[in-house]
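Contents: one structure, followed by commentary.
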Amino acid sequence: TDDISTRVMPYILQMLKTHGRTFFTWLGTTPTITIMDPEQIKEVFNKVYDFQKPHTFPLGNVIATGLANYDGEKWAKHRRIINPAFHLEKIKNMVPVFHQSCSEVVGKWDKIVSDKGSSCEVDVWPGLVSMTADVISRTAFGSSYKEGQRMFELQGELAQLVRLSFLKAFIPGYIYLPTKNNRRMKAASREIQVILRRIINKRLRAREAGEAPSGDLLGILLESNSGQAKGNEMSIEDVMEECELFYFAGQETTSVFLVWTMVMLSQHQDWQARAREEVKQVFGDKEPDTEGLNQLKVMTMILYEVLRLYPPLPQMTRAIHKEMKLGDLTLPGGVQISLPTLLVHRDTQLWGSDAAEFKPKRFKDGVSKATMGQVSFFPFAWGPRICIGQNFAMMEAKMALALILQRFSFELSPSYAYAPYIVITLHPQFGAHLILHKI
């Protein structure tokens, strides 16, 4: 795992070595300051009205807007309305859905392995992608699950198109040219809007007809929205944007989180055995439930350590619009601030000389002990804007892993190629070819 920084962030790494832990660069026409100091990082995350989300990437809105990209009053309003959807009580009700989606994929793997005897090579990456997409389709849209699935297929295609156009998008006016990619992006975006509007209008009509609200994310969101004072509620367009964000935030990140967890446990068989032993102790062969998943201490340590070494979002950025003090720096308006999560998480000054090594024991007493109270671990961001779905993601990851560990042991296949690369999130470029052994 030690060559990941040079592989995915060679430029920033080189600048750190040459210019120290705070340095200045130009990103196109945008002046950018990169910071590694936990105190400064804490200040950036805490002062949400001063350090805002940047809007410099031309294709950002193609993938998703919504809560993750709003600032100021609009962000505060949306956060307030969406919060109820992610209360622990609501997540508890979604655990059976996590089980259903995860079981389907594990069942498919089981069939592939059984057909070959008791072990065979499987690229687990596509399965994890379809599993997390299935979870988010069912939990976001429940009864409208099939329509939601089509929307998510289109969003997956959009993300792929954005990746292909990533660098060209910085050429002024490029996104307005009628290239094949740009035309397809527009068409996919339009189809997504049509599907969403149809699902939402159907729900609103059902509400008016006196039907009870459904317990999926969309139902909870519409229920919470209807309880707002006049003028404080979201528009239909706002609700649509939040639904688009559910997919990108809920599917992309969790699939990469799970794939790196399986890769790490393939390399560290001792931790895989310990995690399986714990799952056996808590559940035996029974179906994992919320109460049991909350007792999995070893698994939680493993998941935190994977999030440290392989944060799904390897870099976060903020922008300032007026002159600001940041620690001992005075920054002019218009500056972008880069927080290289992956490098902070692997910084030997903050984590010790073994920072690049997989050692889940670091987290045996929780995150604040592991970080000694510093903001040196922020896979879900930090402060008031911490990811609203972090408990959802952790619970889904625990369910998936518990089911996988009950059925299989796994190791790296000789054909596995280690190739993390950044496509917004941290993907395995050539998949994750593992040998699965039936237990």
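The values are calculated or read from the model by the stated rules, or taken from the named source; none is laboratory data. The shown structure was predicted, so the numbers you read here are calculated from the model rather than taken from an experiment. Please note: Cβ atoms are built from the backbone with ideal geometry, for glycine as well, and neighbour counts cover all protein chains shown.
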For this session: Starting from residues that are in contact with a Leu (Cβ under 9 Å, 6 or more places away or on another chain) and closer than 18 Å to GLY250 by Cβ, keep the ones in segment 99-122 and report whichever is surrounded by the fewest Cβ atoms within 10 Å (Cβ to Cβ).
Result: HIS99
Problem set entry | The listed residue being aliphatic (A, V, I, L, M), part of a helix (DSSP H, G or I) and over 24 Å from MET395 (Cα atoms), out of VAL263, VAL239 | VAL239
Seminar exercise, completed: A careful count of residues in segment 123-143 that are among the aliphatic types (A, V, I, L, M) and either surrounded by fewer than 22 Cβ atoms within 10 Å (Cβ to Cβ) or at pLDDT below 85 (or both) gives 1
For this session: Could you grab me the full set of residues in segment 144-184 that are hydrophobic (A, V, I, L, M, F, W, C), more than 25 Å from VAL129 (Cβ to Cβ) and loosely packed, with under 13 Cβ neighbours inside 10 Å?
Result: ILE171, LEU177
Seminar exercise, completed: Residue pairs within 9 Å by beta carbon, gap of at least six or interchain, first lying in segment 99-125 and of a type in the set (Asp, Glu), second part of a helix (DSSP H, G or I), listed first then second, are GLU104/SER130; GLU104/MET131; GLU104/ASP134; ASP110/ARG407
Exercise. Out of SER224, SER214, which single residue is outside any helix (DSSP H, G or I), over 23 Å from ARG407 (Cα atoms) and either at pLDDT below 95 or under 19 Å from the mean Cα position of the chain (by Cα) (or both)?
Worked result: SER214
For this session: Just one of (1) surrounded by fewer than 15 Cβ atoms within 10 Å (Cβ to Cβ); (2) modelled with pLDDT under 90; (3) of a type in the set (A, V, I, L, M); (4) over 19 Å from THR139 (Cβ atoms) trips up ALA187, so point out which.
Result: (2)
Problem set entry | Subset of segment 389-415 (residues that are under 25 Å from SER103 (Cβ atoms) and part of a loop (DSSP other than H, G, I, E, B)) | GLY389, SER413
For this session: Taking the residues in segment 1-33 that are touching a residue at least 24 places away in the same chain (Cβ under 8 Å) and in contact with a helix residue (DSSP H, G or I) (Cβ under 6 Å, 6 or more places away or on another chain) as candidates, determine which candidate is surrounded by the fewest Cβ atoms within 10 Å (Cβ to Cβ).
Result: GLY28
Exercise. Quick one: is VAL256 of a type in the set (A, V, I, L, M, F, W, C) and either surrounded by fewer than 23 Cβ atoms within 10 Å (Cβ to Cβ) or in a loop (DSSP other than H, G, I, E, B) (or both)?
Worked result: no
For this session: Could you tell me whether any residue of segment 237-250 is in contact (Cβ under 8 Å) with a residue 60 or more places away in the chain, hydroxyl-bearing (Ser, Thr, Tyr) and surrounded by fewer than 23 Cβ atoms within 10 Å (Cβ to Cβ)?
Result: no
Seminar exercise, completed: By residue number, the members of segment 330-349 that are of a type in the set (Ser, Thr, Tyr) and under 26 Å from the mean Cα position of the chain (by Cα) are SER338, THR341, THR348
Seminar exercise, completed: Of (1) assigned to a helix (DSSP H, G or I); (2) more than 30 Å from GLY28 (Cα to Cα); (3) over 22 Å from the mean Cα position of the chain (by Cα); (4) in contact (Cβ under 8 Å) with a residue 60 or more places away in the chain, ILE200 satisfies every one except (4)
Exercise. Would you say LYS77 is in contact with a helix residue (DSSP H, G or I) (Cβ under 7 Å, 6 or more places away or on another chain), in a helix (DSSP H, G or I), surrounded by fewer than 20 Cβ atoms within 10 Å (Cβ to Cβ) and at pLDDT below 95?
Worked result: no
For this session: Considering only segment 1-52, give the helices (runs of 4 or more DSSP H) lying wholly within it that have at least 2 residues that are at pLDDT below 95.
Result: 4-8, 10-19
Exercise. Does GLN315 meet the test of being closer than 30 Å to GLN149 by Cα and in contact with a strand residue (DSSP E or B) (Cβ under 8 Å, 6 or more places away or on another chain)?
Worked result: yes
For this session: Could you grab me the full set of residues in segment 34-55 that are of a type outside the set (D, E, K, R), surrounded by 15 or more Cβ atoms within 10 Å (Cβ to Cβ) and out of contact with any Lys or Arg (no Cβ under 6 Å at 6 or more places or on another chain)?
Result: THR34, ILE35, PRO38, GLN40, ILE41, PHE45, GLN52, PRO54
For this session: Inspect segment 81-90 for any residue being among the small types (Gly, Ala, Ser) and buried (at least 22 other Cβ atoms within 10 Å of the Cβ) and give the result as yes or no.
Result: yes
